[in-house]
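Heads up: the structure comes next, in structure tokens.
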Amino acid sequence: MNRIGILGYPLSHSISPEFQQAALDHHQIKATFHRWEIKPDKLNAFFETIEIVNFLGASVTIPYKEKCLGLVDKITDSAHLIGAVNCIVNQNNQLVGHNTDGSGFIRALKTKHGFDPCGKNVLLIGAGGAAKAIAYSLVQEQINTLTIANRTVSRGDELAQRLKLNGPKINSIKLERQTLINPLSNVDLIVNTTSIGMKNGPDPEHSPVPPDLIPQNALINDIVYNPIETPLIKAAKIRKAPTIGGLDMLVYQGIEAFELWTKKDAPENIMYDAAKKALGL
Ligand code: ATR
């Protein structure tokens, strides 16, 4: 039996096994999708003992996305530039580290919501790992401007510096009401990548953008998927702005990974239905 799975610690929250197994079963691929909850001191041993012959690949999640850069045989250019691996593919018995977080995010925007980021003004909230992957992919899509708003400005500055090498007009600001007013006056897409609004997170009750400042004509995308309706999404709906919830990026990074592992078209609806079921929706 072929082996495939998700690698992380802890993993109790992950719904990847449910929606990836549904896709494997749909295509009648004889493979089991495992939950590899590996403690940090066992990570190297995990890689040393992989039976490469039956190993199709793995999804990688917190806290191993950066560590895996040094544990695979090869890294794609995008994973290298983003600085993180979220998907490992067995390619002719070599482990190749990819990053499908950003490409999955863009694919969801384009195919599911008909939003082409080319030429658009984007406000990105946050400057952590997820923000990095999304920012990199948005720049590749030739957006017009990118404003990075983060609590810790130095981290936002660092990301802006990194992207300026090949980027559009990039600006880093502090995440606070006053500094958000100007970028919000001319924005097409707002993406929250922080854990503000996340259940059991540091600030579950708040929206990262003050509700009264949310523009009606911008697309509001929150990558937090628990709860499915975050305070930001709720506030955007009240303002009658179009919204995208976090389930889309989660499923689409998995769709991109599935296609890399199996070279088959991912059954998108089946994966969505399985993801929703796993979340009890
Ligand atoms: P991930 O890999 O999920 O992106 P991360 O790299 O830890 O996680 O990044 C978390 C992001 O959420 C950061 O932008 C962080 O801001 P700082 O760089 O200032 O730490 C942001 N964040 C987390 N909790 C926050 C809070 N309570 N208020 C504002 N921003 C917060």
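The values are calculated or read from the model by the stated rules, or taken from the named source; none is laboratory data. Since we're looking at a predicted model, the values are computed, not measured. Note that each Cβ is placed from the backbone with ideal geometry, even for glycine, and that neighbours are counted across all protein chains shown. Heads up: the accessible areas ignore ligands, DNA and RNA and are worked out on the full protein's heavy atoms, side chains in. Shrake-Rupley method; radii C 1.70, N 1.55, O 1.52, S 1.80 Å.
Projecting each Cα onto the charge dipole of the chain (Lys/Arg +1, Asp/Glu -1 at the beta carbon, about the Cα centre), which of TYR252, VAL72, ASN2 comes out farthest on the positive side?
Comparing the listed Cα positions along the dipole, TYR252 ranks first.
Placing +1 at every Lys and Arg Cβ and -1 at every Asp and Glu Cβ, with all other atoms neutral, what dipole size does the chain have around its Cα centre, in debye to the nearest 20?
Working: 29 positive and 27 negative charges, 64 e Å.
The dipole magnitude comes to about 300 debye.
Rank these by accessible area, largest first, 1.4 Å probe: LYS174, LYS120. Display every interim value, and only then the final one.
Working: LYS174 80, LYS120 55 Å².
Solvent-accessible surface, decreasing: LYS174, LYS120.
What do you reckon, how do THR193, THR111 stack up by accessible area (1.4 Å probe), largest on top? All intermediate terms of the calculation are to be shown ahead of the outcome.
Values: THR193 25, THR111 90 Å².
Highest to lowest solvent-accessible surface, that is THR111, THR193.
Mind putting a number on the dipole of region 81-164 about its Cα centre? Charges go on the C-beta only, +1 for Lys and Arg and -1 for Asp and Glu, and I need it in Debye to the nearest 20. Spell out each step's value before the answer.
Values: 9 positive and 5 negative charges, 21 e Å.
Charge dipole of region 81-164: 100 debye, to the nearest 20.
If I take R0 = 35 Å and measure r between the Cβ atoms of GLU259 and LYS67 in this structure, what FRET efficiency does the formula 1/(1 + (r/R0)^6) give, to the nearest 0.05? The partial results should precede the final answer.
Numbers: r = 25 Å, r/R0 = 0.70.
Efficiency, from the Cβ-Cβ distance: 0.90.
Where does helix 129-140 land angle-wise versus the long Cα axis of the chain, in degrees 0 to 90, nearest 10?
Compared with the principal axis, the helix lies near 80 degrees.
In whole Å, largest first, what are the principal axis extents of the Cα atoms in region 102-244?
37, 33, 27
For the charge dipole of the chain, defined by +1 on Lys and Arg C-beta atoms and -1 on Asp and Glu C-beta atoms about the Cα centroid, which residue among VAL89, LEU56, ALA278 has the Cα displaced farthest towards the positive pole?
Of the options given, the answer is ALA278.
What figure in square angstrom, to the nearest 10, would you give for the accessible area of ARG155 with a 1.4 Å probe?
130 Å²
Cross-link candidates for LYS174: which lysines have Cα within less than 30 Å, leaving aside residues fewer than 8 places away along the same chain?
By straight Cα distance, LYS174 reaches LYS65, LYS67, LYS110, LYS120, LYS132, LYS164, LYS199, LYS234, LYS237, LYS240.
What distance in nm separates the two pseudo spin-label positions at ASN92 and TYR9, each 7 Å out from Cα along the beta-carbon direction?
About 3.4 nm, to one decimal.
Expressed as an acute angle from 0 to 90° and rounded to the nearest 10, what is the orientation of the C-alpha long axis of helix 268-278 relative to the principal long axis of the chain?
Approximately 90 degrees, to the nearest 10.
About its Cα centre, how strong a charge dipole does region 102-244 have in debye, to the nearest 20, once Lys and Arg get +1 and Asp and Glu get -1 at the Cβ?
Working: 17 positive and 11 negative charges, 34 e Å.
The calculation lands at about 160 debye.
Give the calculated FRET efficiency between MET1 and HIS80 to the nearest 0.05, with a Förster radius of 41 Å applied to their Cβ-Cβ distance.
On the way: r = 32 Å, r/R0 = 0.79.
Working from the Cβ atoms, E equals 0.80.
With all protein chains present and a 1.4 Å probe, how do ILE106, ILE29, ILE228 order by accessible area, largest first? Let's see the in-between values first.
Numbers: ILE106 10, ILE29 35, ILE228 65 Å².
Ranked from most to least accessible, the order is ILE228, ILE29, ILE106.
How much accessible area per residue does the chain have, counting only protein heavy atoms and a probe of 1.4 Å, in square angstrom? Present the calculation step by step, with values, prior to reporting the outcome.
Numbers: 13210 Å² over 281 residues.
Averaged over the residues of the chain, the accessible area is 47 Å².
Return the carbon/sulfur percentage of the accessible area of region 102-244, one whole number, probe 1.4 Å, all protein chains in place. Walk me through the numbers before you get to the answer.
Details: 3210 of 6630 Å².
About 48 percent, which is the carbon plus sulfur part of the accessible surface.
If you restrict to DSSP beta bridges whose two residues both lie in the chain, what percentage is antiparallel, to the nearest 5?
Details: 8 of 44 bridges.
Rounded to the nearest five, the antiparallel share is 20 percent.
Between GLU18 and SER154, how high is the FRET efficiency from 1/(1 + (r/R0)^6) when r is the Cβ-Cβ distance and R₀ = 41 Å? Nearest 0.05.
Values: r = 39 Å, r/R0 = 0.94.
After rounding to 0.05, the efficiency reads 0.60.
Compute the angle between helix 247-262 and the longest alpha-carbon principal axis of the chain, please, reported from 0 to 90 degrees and rounded to the nearest 10.
For 247-262 against the chain, the angle is about 30 degrees.
Please provide three numbers in whole Å: the alpha-carbon extents of the chain along the principal axes, with the largest listed first.
Extents along the principal axes: 55, 40, 33 Å.
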